[in-house]
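What follows is a single structure, written as structure tokens, with notes after it.
The values are calculated or read from the model by the stated rules, or taken from the named source; none is laboratory data. Quick caveat: nothing in here was measured; it's all calculated off a predicted structure. Virtual Cβ from ideal backbone geometry, glycine too; neighbours counted across all protein chains shown.
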């Protein structure tokens, strides 16, 4: 389990391949909120903490390559909850 407190503001998020995924704005619950500057639509997006493999030297590395990690980005931390009718 990743220690969320080690994920710092403005840390670079990298795929397991070493390519850029985004930049940390801050941690919100079980998600990392990415800065708008890395977004094609100018909006914040969220990456599940469960996708993080490690946090070292101010860099967050995901468990998958950058393309797979970017495919997990959500528009809000609640975006994934709609699939289960018992959650909301």
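What the table shows:
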item: Residues that are buried (at least 16 other Cβ atoms within 10 Å of the Cβ) and assigned to a loop (DSSP other than H, G, I, E, B), drawn from the range 45-64; result: 45, 64
item: Residue check, residue 77 touching a strand residue (DSSP E or B) at 6+ places or on another chain (Cβ under 7 Å), at pLDDT below 95 and closer than 20 Å to residue 8 by Cα; result: yes
item: Hits in the range 3-22 - residues which are over 16 Å from residue 68 (Cα atoms) and buried (at least 16 other Cβ atoms within 10 Å of the Cβ); result: 7, 11
item: Whichever residue in the range 17-41 is assigned to a loop (DSSP other than H, G, I, E, B) and either within 13 Å of the chain's Cα centre (by Cα) or at pLDDT below 95 (or both) and, among such residues, is nearest to residue 62 (Cα to Cα); result: 30
item: Search result, residues across the range 23-42 that are over 15 Å from residue 2 (Cβ atoms), surrounded by fewer than 16 Cβ atoms within 10 Å (Cβ to Cβ) and in contact with a helix residue (DSSP H, G or I) (Cβ under 8 Å, 6 or more places away or on another chain); result: 42
